[in-house]
Every structure is written in structure tokens, then in C-alpha cells.
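Written below as C-alpha cells is the structure these notes are about.
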Amino acid sequence: MRRSAHLASVALILLSLSEGVRAQEDIQLRERAITLVERANAASVARPFAPYEQTILFHVYSHGKGTQEGHFASVTIGPRSYRDEYDYGDFHLLVVVNGDMIADVGNRAVAPLEVRKLTTLNPINHVSFDSSDVIRGIQEASVAGRPAQCIDFETIVGERRDANQICVDRQLGTLVRVRTSGETITNSDFFSLHGANYPARISYENGDLRIDLEQTMTHFEGMPDPNLLVAPPDAKIMKVCLAYVRPYGQNLPQPKPGTGNQNVDVMLHGTIGPNGRIHDPMINRSGRDDLNDEALKIFSSWTFTPAVCNGQPIEIPADITLHFRNR
């Protein structure tokens, strides 16, 4: 989606799926599931494109932090012509995109997890299956009091198996609930704009973190302010990548196994700089706080060939998960 590209991260994941498990999957069932999800994604995409204004008030509830509120506002004139503004606590980011120009006021590299998650949730989170997903069944169900079809599937990565589910509204054909890797996204109170259906309410849950979004989108009328898409004087100016090469890991040390009886995941966020080194590392979520310092030290030591945009090394966000075994 457009906004997830603003603050998008390179996810470093190793996927493996045994041929034996794949052979047990019903091919026709998989085709039905893929078709159902593709149609659900399409139900929330406006065709043809039309200008719109968008506002989101989001409430964040988490253990130890209480309740916090944030605000997002956007005016979108074209696919590559928009102005987005994020406010959450002490974090502020203004993004202006006009053709091949991207202008930032604020540091997207230190965007809190809640803001980065917001970019993937709105205006609706689209999903798809990959080779790690094995479809187990499609059931009739009720989601938020409405008839739905729910796809049950397993995501298999190495020895890990996660039971997941995607639900599609029977009448609207939209995505109403997505449960994957411990996360649950629920979309409700849909409204129509430019021939597509979008949720007025979006709820995200993962452990003790909950984010509730209240979203409005309206057609943009008239001519835009001529300064709307002009880069502010204090903006950091970048160019859209016409030729992009992603970063590749060079030295990626992992946590040493312990002698305990727990396997713990620590999820981190940082930025791969033009020199291939990690800066601004932070904890996204942790299974145990006493492992955080070790996780940050390990992640900070990682090195990459840098991402390259139009022949020049650039910085790019990175989300990674460290697996602590027998700790």
C-alpha cells in the first residue's frame, strides 16, 4: 500500500516449507482461498483513482504506558502527489510527495512502533498468501455480527507452526478480520468512497498492545492549495527510486543458545545506513525485558551491503526478530 511504503521496513525472514507438508494441501482449496482474498483486496481499492482527504484519530493502549492518542491527516491529489502528517506524543513527521520528490520534516527512522503500524493498517490492510502458508479449510462464520467466510491456514517457518485465519464479509466481500503471527486486525463500519469500501473503525491487537483507529475519507473538491505539495524549507529532500537494490546481510550474528527451558523472540527496529551499519536500534516487542540489552547489542553489530537507489547508497528501515533459544 502507498503509506506503508513511506515508513516501510525490509523484513529479514528465512522461510522454509517441507515438500511433505505442501503435498498434503488441497490445491483446489488453496485456489479458492487465494481467489477469495484477491477479491477482498480488490473490494477496497478505488478504480479509477480519485483525489481524497483522510483523517485518523488513533488510540493506543499498552501495559505500562496507559492510553495515548495520535492523529494522522492526509490530502491525496494523485498516486504520487500527497501530503501526510503524523502526530503521536513527541513524534511528528510531515511527508510531502510530488512526482519523483519526497520531502520529510522529522526523522522517520525513529518513528514509534505505533506510528509504523498505523501506516500498514490504513486505509485497510491488504493480505496475500505465500509459500509458507498452508490452507486448512474455509468455514462459514460470524464476525462482528455479520456473515463471513473464514480461511483457516497454517504458516510454517522452520519448526514453527502458527495457526492463522483470514475472514471476508459475505455481503461486502471485504476483509473483516485477519489473525496472523499473534496479531489480530478487525475492520468494521464500512463506508463507500469512489466505488470502494473502507472501514471507519480498525482495531489492532498484539499481546498487551491495542490500537483503535477512527478513520474518515472524503472526496477532495476543487483546486488544491498551491503550497500543499511544496517542500517546506527545513525538509530533507529525497528522490523516488527508479532503480533500487535491496540491502544484503554480510555479518548477522545470532544469540547464543543458553541452558534454560525457554525460547524467546525479541523484535527490533532500526535503520540500515548508507555505510551498511545499523543505527537508531530500538525494541519493537520483547518476550523478556532482561534480554533487551543483549538483543540491541547483537542487532547493532549487524552489517549489510547498503540499499542502493539510483546508483547511490541510501538508508532504509529494517525490522528483524532475534530468536533466543533455551534461555
### Message
Name the residue that is surrounded by the most Cβ atoms within 10 Å (Cβ to Cβ), counting only residues in the stretch 103-131 that are farther than 22 Å from L268 by Cα and among the small types (G, A, S).
### Response
A103
### Residues located in the stretch 239-265, provided they are charged (D, E, K, R) and part of a strand (DSSP E or B)
K239, D265
## Note on the structure
Residue set I34, I27, I77; condition within 27 Å of V95 (Cα to Cα) and more than 18 Å from the chain's Cα centre (by Cα); output residue I77
### Message
I want to confirm something. Restricting to the stretch 271-283 and keeping residues that are touching a helix residue (DSSP H, G or I) at 6+ places or on another chain (Cβ under 7 Å) and surrounded by 16 or more Cβ atoms within 10 Å (Cβ to Cβ), which single residue is farthest from P317 (Cα to Cα)?
### Response
I283
### Summary
Of the residues in the stretch 130-142, those that are part of a loop (DSSP other than H, G, I, E, B) and either out of contact with any strand residue (DSSP E or B) (no Cβ under 7 Å at 6 or more places or on another chain) or charged (D, E, K, R) (or both) number 2
### Query
Is it true that some residue in the stretch 288-301 is surrounded by fewer than 16 Cβ atoms within 10 Å (Cβ to Cβ), small (G, A, S) and modelled with pLDDT under 95?
no
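Return the residues of the stretch 188-202 that are of a type outside the set (F, W, Y) and either at pLDDT below 95 or out of contact with any helix residue (DSSP H, G or I) (no Cβ under 9 Å at 6 or more places or on another chain) (or both); say none if nothing qualifies.
Step one: list which residues in the stretch 188-202 are of a type outside the set (F, W, Y), which gives 188-189, 192-197, 199-202.
Within the stretch 188-202, S188, D189, S192, L193, H194, G195, N197, P199, A200, R201 meet the criteria.
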### Query
L268 is checked against (1) assigned to a strand (DSSP E or B); (2) surrounded by fewer than 16 Cβ atoms within 10 Å (Cβ to Cβ); (3) not assigned by TED's automatic domain parsing to the domain that holds G195 and fails just one. What number does that condition carry?
(2)
### Yes/no for A295 being under 20 Å from V157 (Cβ atoms), in a helix (DSSP H, G or I) and not charged (D, E, K, R)
yes
#### Entry: Top-ranked residue in the stretch 47-89 [being charged (D, E, K, R) and surrounded by fewer than 20 Cβ atoms within 10 Å (Cβ to Cβ); ranked as nearest to L172 (Cα to Cα)]
R47
### Restricting the stretch 145-190 to residues that are hydroxyl-bearing (S, T, Y) and within 16 Å of N125 (Cα to Cα), the residue that is surrounded by the fewest Cβ atoms within 10 Å (Cβ to Cβ)
S181
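A231 - would you say it is touching a residue at least 40 places away in the same chain (Cβ under 8 Å) and not in a strand (DSSP E or B)?
On the way: touching a residue at least 40 places away in the same chain (Cβ under 8 Å): yes; not in a strand (DSSP E or B): yes.
So A231 passes the test.
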### Query
Can you pull out the strands (runs of 3 or more DSSP E) entirely within the stretch 143-185 that have at least 3 residues that are over 16 Å from N197 (Cβ atoms)?
146-157, 160-169
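Are any residues in the stretch 176-198 under 22 Å from P48 (Cβ atoms) and in contact (Cβ under 8 Å) with a residue 40 or more places away in the chain, and if so, which ones?
L193, H194, G195, A196, N197, Y198, listed by residue number.
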### Query
Only one residue in I56, I124 is touching a residue at least 24 places away in the same chain (Cβ under 8 Å), more than 30 Å from G273 (Cβ to Cβ) and outside any loop (DSSP other than H, G, I, E, B). Which one?
I56
### Query
In the set D208, D265, D212, which member is modelled with pLDDT of 95 or more and among the charged types (D, E, K, R)?
D212
### Task
Please tell me if V115 is more than 30 Å from F324 (Cβ to Cβ), of a type in the set (V, I, T) and either within 20 Å of the chain's Cα centre (by Cα) or assigned to a strand (DSSP E or B) (or both).
no
### Long-range neighbours under 8 Å by Cβ, at least six apart or interchain, first residue within 14 Å of L213 (Cβ to Cβ) within the stretch 60-89, second among the polar types (S, T, N, Q) and outside any strand (DSSP E or B)
F72/N122
### Query
Tell me, which helices (runs of 4 or more DSSP H) lie completely within the stretch 1-46 with 2 or more residues that are crowded, with 17+ Cβ neighbours inside 10 Å and at pLDDT 50 or above?
27-42
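The values are calculated or read from the model by the stated rules, or taken from the named source; none is laboratory data. Please read all numbers here as calculations on a predicted model, not as lab measurements. Every residue, glycine as well, gets a Cβ built from its backbone with ideal geometry; the counts of neighbours run over all protein chains shown.
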